[in-house]
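Asker: Below: one structure in structure tokens.
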Amino acid sequence: MWLSLLAMAVLAAGFYYRHQVQEGYRYVGKRAAPLRTIITPVPLRFKEILKNYFPYYNQLKPDHKRKFERKLVYFIFSKYFIPRNFGGVTDEMKVLIAASAVQLTFGLPRVFMAHFNRILIYPDDYYSEITRRYHRGEVNPAYRTIVLSWRSFVMGYLQPTGTTNVGLHEMAHALRLQNIIRVNEFDFFDAELLDVFDQWADRVCAQMEEGGVRFFRPYACTNHQEFFAVAVENFFERPAAFKKELPELYGVMTRLLNQDPMTITQPAAV
């Protein structure tokens, strides 16, 4: 009996040690993302996925495509992609989710949402025991996690003018939170310009309440964070209509994100 217990203890210790070593390697791998991005060629399959499925990338000039690819690889190398309720995360999932983050931050060259190192992926909309309802995505800064429903993510890009894009929406939440989390990436938004954006949010929502033109869906007026996320969706999904309807607010967003989807072949300095 004692020998059996000893053997079990040895096996448990060995498993724990192996797990800790593996976690250590994974941690070092994530920390080495900047170096890996420099020395590792962009995998051809990543480029093919972008070419086949990501219109934003395809509109870029060749030199900007290369910068997009490098930023995408950095994002992938620096995150844990974790499947929930399905077998495993594919390259397509990693590339397209990372691409949605790079699309949003392309004009912010030193921003990779460093605080959020976990991307949790569900195959479909998932039930939350906390809110008692189904979700398509969320951002949890306490757990450094961005959560996405893969089905809803894909549907957002299959309907490029539908103004509901879960990937962009949740990445926008993460970006605005990253701006105030004091790590190596923060305070990259001009504070005065962000305040101007929030003033516009209040103004637009007040007009909507009074029966004015509803360019954004009502959910945008939940709070400033949701307004920012919904505005980001519209900024990329229907920029021409956004600029026509709310030109001043559109201009604020081009300055905040340092890019203009209306002239995507010539983005701001990257």
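Asker: Which shape class, rounded, prolate or oblate, goes with segment 64-122 when its Cα gyration tensor gives a ≥ b ≥ c as root eigenvalues, a/c under 1.5 marks rounded, and past that a/b bigger than b/c marks prolate?
Answerer: prolate
Asker: Tell me, what HN-Hα J-couplings in whole Hz come from the Karplus equation 6.51 cos²θ - 1.76 cosθ + 1.60 at θ = phi - 60° for each residue of segment 205-216, using x for Gly and Pro?
Answerer: Ordered by residue, 3J(HN,Hα) equals 5, 5, 5, 5, 5, 8, x, x, 4, 9, 6, 9 Hz.
Asker: If you don't mind, there's one more thing I want to ask. How far is the Cα center of segment 204-262 from the Cα center of segment 50-74, in Å?
Answerer: Cα centres, segment 204-262 to segment 50-74: 25 Å.
Asker: Separate question: Local charge sum around residue 129 (other residues, Cβ-Cβ under 14 Å, Lys/Arg +1, Asp/Glu -1)?
Answerer: With Lys, Arg at +1 and Asp, Glu at -1, the neighbours total +2.
Asker: Quick one: if the Förster radius is 30 Å, what FRET efficiency do residue 161 and residue 183 give, using the C-beta to C-beta distance and rounding to 0.05?
Answerer: 0.25
Asker: Send over the Kirkwood Rh of segment 38-187, from the inverse of the averaged 1/r over different Cα pairs, rounded to one decimal Å.
Answerer: 15.7 Å
Asker: List the aspartates and glutamates whose alpha-carbon lies under 17 Å from that of residue 47, not counting same-chain residues fewer than 8 positions away?
Answerer: 63, 69, 91, 92
Asker: Further question: Tell me the chymotrypsin sites (Phe, Trp or Tyr not before Pro) within segment 66-107 that lie in a loop according to DSSP and have at most 14 other beta-carbon atoms within 10 Å.
Answerer: 86
Asker: Separate question: Counting other Cβ atoms within 10 Å of each Cβ, which GluC sites (Glu not before Pro) in segment 193-257 have at most 16 and sit in a DSSP loop?
Answerer: Taking segment 193-257 and a limit of 16 other Cβ atoms within 10 Å, the loop GluC sites (Glu not before Pro) found are 210.
Asker: Related question: In segment 101-199, which GluC sites (Glu not before Pro) are in a loop and have at most 12 other Cβ atoms within 10 Å, using DSSP for the loop call?
Answerer: Listed in order of number, the matching sites are 129.
Read-outs throughout are calculated quantities, based only on the coordinates presented, and are distinct from any laboratory measurement. Since the model is a prediction, treat every value here as computed from it, not as a measurement. Note that each Cβ is placed from the backbone with ideal geometry, even for glycine, and that neighbours are counted across all protein chains shown.
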